[in-house]
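Just so you know, all these numbers are worked out from the coordinates, no wet-lab data involved. Please read all numbers here as calculations on a predicted model, not as lab measurements. Here the Cβ positions follow ideal geometry from the backbone for every residue, glycine too, while neighbour counts run over all protein chains shown.
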Amino acid sequence: MSNPLPKRPAPYILAFLVIVLAILVGWMYKALDSIESRSHDLPPAAPTPSARPDVPSEPSAPPVSMGIDPANLERAMQLNSDAITPEEDLDIVEEFVDLYRRAYGDNPVGLNSDITAALTGTVDPSKPGGLFPANSPAVRGGQLMDRWGSPFWFHSVSGAKMEIRSAGPDRQLFTGDDIIKNDSGVTGGAELQQ
């Protein structure tokens, strides 16, 4: 004796599939709506530059001094000018080191190139704009130079004081013609020549 196969209740299976399908469509609609509403909260994306090889790219422009206070910009442009003395050059450099200290809580640290990068804002893109213009004639090769073309020498005396030294006309550090601001007595391992 063979038992006939039971008939499947097709209407019930069909109803079950319709319910599952309705749940899936509702869930997808809600997910897409959520994604769309979050995209309205985001800032607009920056346009992507063309990467087509047949279109020449624009040459890079020199750094712009945007964000630098106009009074600071004017003061920076006085550095190494004939209108002021070499001692006043050091006053200007000290003013910018002081501005950095007040803005960020401590002296900039490192060699001349590190301090120059800190003052111009090129060392850390997360910090807003520089204090000193990166395109200043006093910045050459990533270093802050004195009027004779020698890099300034920096020595942090304390968290609130920076020794700044110009090599002077002979362009040799730690000689008798050096011009010094906040002299700490440190000679960098060199003997002072008279």
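Worth a mention:
- Any hit, segment 157-172, residues being surrounded by fewer than 20 Cβ atoms within 10 Å (Cβ to Cβ), in contact (Cβ under 8 Å) with a residue 24 or more places away in the chain and within 17 Å of the chain's Cα centre (by Cα): no
The rows are residues; the columns are (1) in contact with a Leu (Cβ under 7 Å, 6 or more places away or on another chain); (2) farther than 17 Å from Leu73 by Cα.
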{"residue": "Ile92", "(1), (2)": "yes, no"}
{"residue": "Glu95", "(1), (2)": "no, no"}
{"residue": "Tyr104", "(1), (2)": "no, yes"}
{"residue": "Thr120", "(1), (2)": "no, no"}
{"residue": "Asp146", "(1), (2)": "no, yes"}
{"residue": "Ser150", "(1), (2)": "no, yes"}
{"residue": "Val157", "(1), (2)": "no, yes"}
{"residue": "Ala160", "(1), (2)": "no, yes"}
{"residue": "Gln172", "(1), (2)": "no, yes"}
